[in-house]
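Okay, structure first, notes after.
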Amino acid sequence: MMKVNVKRMTAKEEEEEEEETSFPVSPTGQYFTSSALSISVISVLESEIPIDDSCTMTLLKDVFLPINPRFSSIMVRDKNGVKQWKKVEVKYKDHINVPIFPEGKSKEFYDNCFNEYLTKIAMEQLPQTRPLWEIHIFKYPTSKSAGNLVFKLHHSLGDGFSLMGALLSCLQRADNPSLPLTFPAFNSNPNSGNDYKKRFCTNVAQMVSGVVNTFVDFGWSLLKSTSLEDERTPIRSGDEGVEFRPIHISTMDFSLDHLKQIKTNLKVTINDVICGVLFLGVRLYMEEMKYEEKNANSTALVLLNTRNIAGYKSVKEMLQPSNESKWGNQFAFLHVSVPKLDKGESSSNPLSFVSKAQDVIKRKRNSAAVILTGKLLDTLQKYRGPEVTAKYIHSTLKNSSMTISNMIGPMEQMALANHPCKGLYFMVVGVPESLTITMMSYMGRLRVAVGTEKGLVDPHKFKTSIENAFDSIFKAAVPSKPAN
């Protein structure tokens, strides 16, 4: 018999091989997979035509997985107890879900089925034993689309900017796939870390104002994150474990041209207009549901992208370590008090809410509180560990009334595997709050998605309040011409 020599790997070689297939989990990624927090992002693509899922496996294998190694990795702990991403073989069928419902029903029936299905997947935790993403193919026609493709990705994989960049890498322009997608022009984020520093040091007067604003904002943010809770209101239950309760996801959309008309006539920014609409809508809802609590102390946590950028980058660019818009979780929370509703303000002077939003945002821009908050989280991570830091972030979220985040989408219609995308929106789930609002621009419309705690917030009345707020602000800012 021939003798076969089997070469065994040494312990050092095994360690080196493991290092080649493993890479560190970012601090924020560790926060989002802690005992205190498990947050995911649900993205919904509404198809213009019935969905043909025959190419799903090919798209996942050839397009989606190569985008980032995290999509084919799981979290493990190394010998020192530190979380690492470890590459694994992806079993595609475990990640693809195609729900089955009765055939031949009305669109209204499937609307309800889809809403309940979104509630179901929003509540479910992604298994830690496989890569932290999944897709759901809803093949039934609803009132808004011929079918829906739902991506659920864990927030530890990246923030909205990174995940949107990944999603766009899978999509093409519907009219001409050879042309690139274009986005509305926007300047570097005025709240990004670099811009804060520039404003902070422009001149002596502004520096003094900035120092005062910074320490006031940082001190208030610290209190809000530790001991100062918002009141319990029609938009905030304040209960422990609210992140595990069922939520209802509803959407509405507004014309970007109309928003720009308001912006131009009032000489404010688009952000001022949007915040004014949302804040007025929230107060109108609170007034309708419980009049005596219409002006209860309520705080919105506004999520800021802290990259100093002028647009989306390709995934290849984001993966370069030196790139300012690199892949990962690069965002911060900004505490904003929801302006209060003065007597008769909603009917006689709705534009005051845009002015109030402008004042708040302008003041926050002249503050480096976000930088100090980031330093605080870094310090907590360094000396107390990710679990303690995650509990601090959980407290920050729980003590506030709502979270607001937004993304900028392309101006042209997109297509995925020759399926034109009719609409696009996203929702952050697993957040310890009763109200989450997200916004996404796409093809000249602003899609607003609202996640509300079931049994507390009436989604229909809340949606109506936001729409009424927009209508009243638009009519006041853009008066119709008198008939000739």
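Selection of segment 146-158 for residues being open to solvent by 10 Å² or more (accessible area, probe 1.4 Å) and either assigned to a loop (DSSP other than H, G, I, E, B) or more than 23 Å from N97 (Cα to Cα) (or both) yields only A146.
Within segment 39-71, the residues that satisfy the criterion of being open to solvent by 20 Å² or more (accessible area, probe 1.4 Å), outside any helix (DSSP H, G or I) and either out of contact with any strand residue (DSSP E or B) (no Cβ under 8 Å at 6 or more places or on another chain) or closer than 27 Å to I408 by Cβ (or both) are E48, I49, I51.
To keep it simple, each residue is scored yes or no on (1) touching a residue at least 12 places away in the same chain (Cβ under 8 Å); (2) of a type in the set (G, A, S).
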| position | (1), (2) |
| --- | --- |
| R363 | yes, no |
| A368 | yes, yes |
| D378 | yes, no |
| R384 | no, no |
| H394 | yes, no |
| V428 | yes, no |
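The combined condition, being open to solvent by 10 Å² or more (accessible area, probe 1.4 Å), more than 17 Å from I274 (Cα to Cα) and either of a type in the set (A, V, I, L, M, F, W, C) or assigned by the TED database to the domain that holds L118 (or both), is fulfilled by L372. Looking across segment 118-136, the residues that are assigned to a loop (DSSP other than H, G, I, E, B) and either buried (at least 17 other Cβ atoms within 10 Å of the Cβ) or not polar (S, T, N, Q) (or both) come down to E124, L126, P127, R130, P131, L132.
Go through (1) among the hydrophobic types (A, V, I, L, M, F, W, C); (2) free of Cβ contacts under 8 Å to residues at least 12 places away in the same chain; (3) within 20 Å of S73 (Cβ to Cβ) and name the single condition F151 misses. So F151 meets the others, but not (2).
The values are calculated or read from the model by the stated rules, or taken from the named source; none is laboratory data. Note that this is a predicted model, so its numbers are computed, not measured. FYI the Cβ positions are ideal-geometry reconstructions off the backbone, even for glycines, and counts take in every protein chain you see. Remember, those area values only see protein heavy atoms, side chains included, never the ligands or the DNA or RNA. Shrake-Rupley method; radii C 1.70, N 1.55, O 1.52, S 1.80 Å.
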